[in-house]
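A short worksheet on the structure shown next.
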Amino acid sequence: MNHPKQLYLGERFDDLEKLYMKLPPDIKDREIDIICRSARKLMEQCDENYIKRDEELAYVGYMKLINLVQVIRKNKDYARKKEAITRLLGTQSDFNRIFEKLSKLKNSLEARYEERARQRGGSATLSRAVELERASNGRQPVVGKEAPIVVPIASGQKQSVTATELHAMINDSRVSMLIMDCRPAKDYEASHLRYAYLVNVPEHLLVAGMTAGKINHALPPESRTLWSNRMVKEQVVLMDWNTSGVPVKDTPLYILNYTLCHYDQDIEDTKIIRLDGGYESFVLHYPASCTNPSYRPPTVLDAMGDNIDDIEYPNISDIPMKEESFTKPGFKPTIDRNSKVAAVTLYEARKKPLEDILVEHEQILDKSKQNALEIINTETELKNLEQQQPLEPGLDETQESLLYEVMQLKDRQRDYEAEKARILEEEQSYKQLEQEQKERGEQISSEQAEQLEREAYERRLRDKEREQRELEEKCQRLARERETKLALAREQKRHLKENNVPEPVKRAYPEDDQRSGPYASNATPARMPLFDRSAKPLADHNHNVRTRDLDVVQRDFAPVYGSVGRGLTGLKNLGNTCYMNSILQCLSNTHFLNEFFHDPSFKMHLNRNNKTQGKIGEEVAAVIKALWTGQYKCIASKNLRYVVGQYERQFGGIEQQDSHEFLTILMDWLHSDLQTKQMQVSALDQLPPSEKAWIEHFKGKDSYISELFYGQIKSTVKCTRCHKESATYESFSNLSLELPQDSNICYLENCLDMYFNGEEVRGWHCPKCKSNQDAIKKLDISRLPSILVVHFKRFYADPDTMATVYRKKQTLVKFPLSELNMTRYLARTEVNRNKRLTTFRYHLYGVSNHYGSMESGHYTAFCLNNIHQKWFKFDDYNVSSIDASDVQASAAYILFYSCLPDRPQSDVR
């Protein structure tokens with residue numbers, strides 16, 4: 001075996017660094033092909049020196065090669081020529097072998113330099129690297145040796161450090177520093193820096209909307225102590241796998257940096273810097289300072305292609321069209337009619353599902369029957385009440401509540417009918433399959449006993465369907481009687497208005513009546529005098545809302561006291577305000593927003609210089625906090641209603657409004673009220689178009705609302721003649737999806753397809769053709785929000801009527817309660833920049849429901865309580881638990897999904 005060549009390049013190991021860090025000053029300006037050929041030639045020389053046992057020259061050469069690879073990866077043409085570069089320089093496994101060689105060379109060279117120093121007469125010339133490593137491990141430096149002088153790198157306005165600078169900082173005991181590693185936990189555990197003040201903040205926690213407090217709660221206990229060191233350290237260094245330069249928006253490194261800068265009050269004077277090139281750069285330069293330096297993350301193949309990053313749809317034929325959205329195959333099984341073996345296998349596989357379908361059919365019939373009985377009982381109760389007290393234009397609370405209950409029961413009955421239609425379609429598909437098999441003479445029927453049992457089952461189903469029809473006929477008869485009386489009441493109301501006759505007041509809430517008790521039903525309620533409060537100022541507590549200091553507002557929630565679970569307080573209906581109550585309950589159960597408003601520091605983020613002067617945000621926060629005290633059965637949001645009525649009159653009146661319109665306007669108000677965070681912007685012209693559009697839309701200022709609720713749509717128009725693409729970007733706080741025109745049931749996926757699929761555009765002026773051309777327009781998501789709000793367009797103008805008459809689509813939309821995956825709707829160009837977008841999975845936590853029609857409707861909310869982990873129905877002041885299976889309903893109007901990490905709200909006060 002050859003002996004290593006004598007040491008000749010330096011006096012100590014650190015001297016080699018000066019050699020391999022020297023690269024030509026114009027290297028970054030050279031063509032990438034020239035740099036790659038130089039790297040290949042250098043690699044061959046290094047391999048030759050390694051074989052000759054010239055350890056110094058081999059080590060310097062390999063390290064210089066690693067630096068060259070870093071330059072190549074930063075080159076603007078790297079993505080386009082990645083495949084060719086890989087063929088020339090080798091794959092990741094080839095570089096792993098180089099890292100192993102570097103580790104061996106480093107250990108050997110350090111030992112040899114140290115041995116030579118001893119032979120020359122003393123330990124005073126120990127390598128600086130060994131000495132610093134001992135110091136970093138808590139050992140005392142060698143006596144008589146002065147501590148190395150290293151100036152903290154993060155002084156001034158510098159926002160990043162190189163691997164070399166960070167290595168020097170790690171080995172200087174006088175540098176006060178905490179390093180935050182935001183790679184995935186499994187990657188961190190497999191390989192990380194050797195440094196005492198190092199904490200892993202896993203990337204799955206770093207979603208827009210996180211704050212320092214939420215990160216602290218989500219970290220494991222052993223990491224929280226290290227995380228708290230950020231409050232006492234002078235510098236915090238952030239790193240991920242390989243980010244160089246300014247991090248891309250919405251990546252874990254960006255979000256961690258933004259969170260520390262804007263939502264961490266404990267580190268206002270702490271310098272925050274980033275490691276340029278990330279952990280990958282550090283491990284390339286200093287493998288001995290890392291655990292398991294040969295580890296590399298699993299390579300993710302980019303199915304979307306890296307070499308055409310600026311083109312959304314390279315092939316125009318790949319664009320799915322809107323016409324395909326609701327024409328996907330439904331429940332009919334795919335049949336191979338040419339193979340008897342396939343037919344037998346298919347039948348055996350389908351036999352059990354067919355039995356399950358029959359059982360499901362029976363269960364639906366049972367539920368439908370029970371629901372029909374509830375409708376009959378409710379209609380009868382309402383009829384009896386009307387006989388005791390004639391129906392008046394001003395319906396009392398009980399009558400109104402019963403009417404709303406009938407609406408909800410009827411909507412549920414309609415859902416059962418849609419489910420029955422679906423099941424019957426499935427049954428017919430399987431029976432058709434059996435018939436076709438018999439006609440072909442295939443003997444694959446089940447045993448006679450099973451056949452007889454199924455026939456008996458089907459007879460039982462027919463009997464239940466007959467009973468169901470009889471009950472429905474009775475329900476319809478009662479409904480016709482009630483509609484006749486309601487029509488008469490509306491006519492009376494119109495007559496009273498024309499003659500300026502005041503209407504009777506509505507009865508107060510039963511809980512508010514001082515005579516409520518066992519004998520209260522016998523008492524005759526006193527009639528209160530009527531006042532036209534719309535022409536008078538409100539009570540004194542509303543006067544305080546106009547003051548500058550909103551902290552001293554005396555709000556009148558008019559609470560009904562009673563101990564209930566936290567978050568289970570209802571909201572009184574203040575006169576057709578069920579639309580507002582429904583949205584407020586959904587926002588109240590948005591637990592990250594809930595915690596934000598419970599934190600007193602949220603007032604530091606209020607914008608007092610906008611149109612609403614922070615009032616909307618303050619009032620919404622007050623209502624949410626009152627809903628979570630657990631001390632009230634219900635409250636009244638009087639102040640909030642008054643304030644929103646100041647800026648949008650329709651929300652201050654007593655007419656029914658659209659909950660989607662209210663939500664959209666409320667989101668804009670809340671964003672404006674909290675828009676105080678300056679965005680981190682470098683050179684605007686150098687940013688990707690999507691980020692530039694985002695910054696311009698929000699005028700350079702973020703808010704906690706925009707971080708939680710707002711996303712971005714990319715609209716691509718592609719010329720069918722020259723295939724030129726043109727893209728624009730638009731921000732959104734909710735997606736409004738079309739429903740099929742003539743269908744009782746569909747899936748959320750169908751609605752999303754209809755929204756995002758392509759459509760033909762006639763007469764689009766193509767900038768390349770310089771003329772009007774046919775084109776295809778396609779929408780994609782370029783930025784996913786943390787809270788995804790989906791709205792169904794249920795109301796439409798009837799085209800068959802002379803006047804404008806609005807109808808409601810009663811379509812039952814089947815939507816997932818968890819694991820909603822939006823990957824297929826992401827813009828390919830954005831995924832190439834931030835592949836983490838494909839990991840987002842959404843879970844449902846809130847639904848705003850609408851029952852009835854345009855003329856007579858009612859809103860409720862279904863919300864998942866984060867403490868009890870159960871679903872609850874919020875029907876104005878009534879709150880009751882429901883089963884998760886009841887959440888899907890044709891009344892669903894607005895869906896609230898979250899991809900944020902869940903955590904019980906035990907610390908919300």
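The values are calculated or read from the model by the stated rules, or taken from the named source; none is laboratory data. Predicted model only: the values in this text are computed from it and were never measured. Because the Cβ atoms are built from the backbone with ideal geometry, glycine has one as well, and the counts that use them run over all protein chains shown. The protein model used for the area step is the full one, side chains on, heavy atoms only, and it has no ligands, DNA or RNA in it. Shrake-Rupley method; radii C 1.70, N 1.55, O 1.52, S 1.80 Å.
Specify which of the listed residues (Leu284, Leu256) is more than 21 Å from Val175 (Cα to Cα), open to solvent by less than 30 Å² (accessible area, probe 1.4 Å) and modelled with pLDDT of 90 or more.
Unique residue meeting the criteria: Leu256.
Counting just the residues of region 696-715 that are in contact with a Leu (Cβ under 8 Å, 6 or more places away or on another chain) and of a type in the set (Ser, Thr, Tyr), which one comes out surrounded by the most Cβ atoms within 10 Å (Cβ to Cβ)? Lay out the reasoning, then the answer.
Narrowing region 696-715 to residues in contact with a Leu (Cβ under 8 Å, 6 or more places away or on another chain): 703-705, 708, 711, 713-715.
Going one step further and asking which of them are of a type in the set (Ser, Thr, Tyr), we end up with 703-704, 715.
On the way: Ser703: 21, Tyr704: 25, Ser715: 15.
Per the criteria, the residue is Tyr704.
Just checking, does region 833-847 include any residue being open to solvent by 20 Å² or more (accessible area, probe 1.4 Å) and free of Cβ contacts under 8 Å to residues at least 24 places away in the same chain?
There is at least one residue in region 833-847 that is open to solvent by 20 Å² or more (accessible area, probe 1.4 Å) and free of Cβ contacts under 8 Å to residues at least 24 places away in the same chain.
Just checking, how many residues over region 771-827 are hydroxyl-bearing (Ser, Thr, Tyr), in a strand (DSSP E or B) and within 30 Å of Asp886 (Cα to Cα)?
The total comes to 2.
Condition first: over 22 Å from Ser786 (Cα atoms) and open to solvent by 70 Å² or more (accessible area, probe 1.4 Å). Now tell me which residues in region 729-760 satisfy that.
Once the filter is applied, which keeps residues that are over 22 Å from Ser786 (Cα atoms) and open to solvent by 70 Å² or more (accessible area, probe 1.4 Å), region 729-760 yields Glu738, Gln741, Asp742, Asn744, Tyr747, Glu759, Glu760.
Which of (1) closer than 23 Å to Val831 by Cβ; (2) buried (at least 16 other Cβ atoms within 10 Å of the Cβ); (3) modelled with pLDDT under 90; (4) not small (Gly, Ala, Ser) does Gln686 not meet, given it meets every other one?
Single failed check for Gln686: (2).
For Asn576, state whether it is without any contact (Cβ under 8 Å) to a residue 24 or more places away in the chain, in the same structural domain as Gly645 (by the TED database) and part of a loop (DSSP other than H, G, I, E, B).
No.
Please tell me if Glu234 is open to solvent by 40 Å² or more (accessible area, probe 1.4 Å), in contact with a Pro (Cβ under 6 Å, 6 or more places away or on another chain) and touching a residue at least 24 places away in the same chain (Cβ under 8 Å).
Spelling it out, it is not the case that Glu234 is open to solvent by 40 Å² or more (accessible area, probe 1.4 Å), in contact with a Pro (Cβ under 6 Å, 6 or more places away or on another chain) and touching a residue at least 24 places away in the same chain (Cβ under 8 Å).
Regarding region 257-269, can at least one residue be identified that is farther than 26 Å from His605 by Cβ and either in contact (Cβ under 8 Å) with a residue 60 or more places away in the chain or in a helix (DSSP H, G or I) (or both)?
no
Please go through region 238-250 and pick out each residue that is modelled with pLDDT under 90 and open to solvent by 20 Å² or more (accessible area, probe 1.4 Å).
Asn242, Thr243, Ser244, Gly245, Val246, Val248, Lys249, Asp250
Spot the failing condition for Cys746; the list is (1) touching a residue at least 24 places away in the same chain (Cβ under 8 Å); (2) within 27 Å of Ala693 (Cβ to Cβ), and only one is missed.
Against the list (1) touching a residue at least 24 places away in the same chain (Cβ under 8 Å); (2) within 27 Å of Ala693 (Cβ to Cβ), Cys746 comes up short only on (2).
Please identify the pairs in which a residue from region 82-110 that is within 17 Å of Arg40 (Cα to Cα) has its Cβ atom under 7 Å from the Cβ atom of a residue that is polar (S, T, N, Q) and surrounded by fewer than 13 Cβ atoms within 10 Å (Cβ to Cβ), counting only partners at least 6 apart or on another chain.
Gln92/Thr299
Please go through region 13-40 and give me each residue that is open to solvent by 20 Å² or more (accessible area, probe 1.4 Å), within 13 Å of Val69 (Cα to Cα) and at pLDDT 80 or above, ordered by number.
Across region 13-40, the qualifying residues are Asp33, Ile34, Arg37, Ser38, Arg40.
Just give me the residues in region 852-894 being under 13 Å from Gln408 (Cβ atoms), open to solvent by 50 Å² or more (accessible area, probe 1.4 Å) and in a strand (DSSP E or B), in sequence order.
Correct list: Asn878, Ser880.
Identify the single condition in (1) farther than 15 Å from Cys578 by Cα; (2) open to solvent by 40 Å² or more (accessible area, probe 1.4 Å) that Ala622 does not satisfy, given that it satisfies every other one.
So Ala622 meets the others, but not (2).
Considering region 761-787 alone, what residues qualify as being open to solvent by 70 Å² or more (accessible area, probe 1.4 Å) and touching a residue at least 40 places away in the same chain (Cβ under 8 Å)?
Result: Lys768, Lys777.
Just wondering, is there one or more residues in region 838-851 that are in a loop (DSSP other than H, G, I, E, B), more than 30 Å from Ser244 (Cβ to Cβ) and out of contact with any Ser or Thr (no Cβ under 8 Å at 6 or more places or on another chain)?
No - not one qualifying residue is present in region 838-851.
Is there a residue in region 82-105 that is open to solvent by less than 50 Å² (accessible area, probe 1.4 Å), modelled with pLDDT of 85 or more and among the hydroxyl-bearing types (Ser, Thr, Tyr)?
no
Looking for whichever is open to solvent by less than 30 Å² (accessible area, probe 1.4 Å) and of a type in the set (Lys, Arg) here; the options are Lys615, Lys611, Lys633, Lys603. Which one fits?
Exactly one of Lys615, Lys611, Lys633, Lys603 is open to solvent by less than 30 Å² (accessible area, probe 1.4 Å) and of a type in the set (Lys, Arg), namely Lys615.
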